[in-house]
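Just below is one structure, and these are the notes that go with it.
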Amino acid sequence: MTQIDEKRIKKAIKEGKLLEWDKIFASYPKSRQKRIREGARHIMAAMEVRRLRKSLKLSQAELAHKMDVKREFVSRIEGGEQNITLDTLYKIAEATGRQVHLSFK
């Protein structure tokens with residue numbers, strides 16, 4: 001984000017045209033906050049799988065074939081609708097010639 005963008009956002013917040021994310025999120029019930037966080041994890045994983053597949057110039061069907069799964073399964077992963085297990089991560093890694101590295105930050 002550029003400095004100009006940051007200034008515009010701060011100005012819009014000050015003028016009441018935008019609301020700060022933290023304030024909106026805090027106003028939600030704890031159960032909704034939990035669902036949002038869980039959904040965000042699926043979306044982040046989905047984005048990473050899609051980025052990898054596209055960088056290798058593979059279609060969903062080609063990746064699915066290499067993983068021995070249906071194309072719809074890959075589509076659900078990339079759509080953030082499918083929970084990705086460790087087994088699935090390792091299948092993706094094997095199918096793409098990559099390794100899985102897990103870390104806690």
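The values are calculated or read from the model by the stated rules, or taken from the named source; none is laboratory data. Everything quoted here is computed from the prediction, not taken from an experiment. As a convention, Cβ positions derive from the backbone with ideal geometry for all residues, glycine included, and neighbour counts pool all protein chains shown.
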I'd like to verify a number: residues in region 7-54 that are among the small types (Gly, Ala, Ser), part of a helix (DSSP H, G or I) and either more than 25 Å from GLU78 (Cβ to Cβ) or touching a helix residue (DSSP H, G or I) at 6+ places or on another chain (Cβ under 9 Å) (or both), how many? 6
Can you list residue pairs whose Cβ atoms sit under 8 Å apart, with the first residue in region 20-31 being at pLDDT 85 or above and the second being part of a helix (DSSP H, G or I) and not β-branched (Val, Ile, Thr)? Count only pairs 6 or more apart in sequence or on different chains. PHE25/GLN33
For region 55-97, enumerate the residues that are basic (Lys, Arg), surrounded by 12 or more Cβ atoms within 10 Å (Cβ to Cβ) and more than 19 Å from GLU38 (Cα to Cα). LYS66, LYS70, ARG71, LYS91
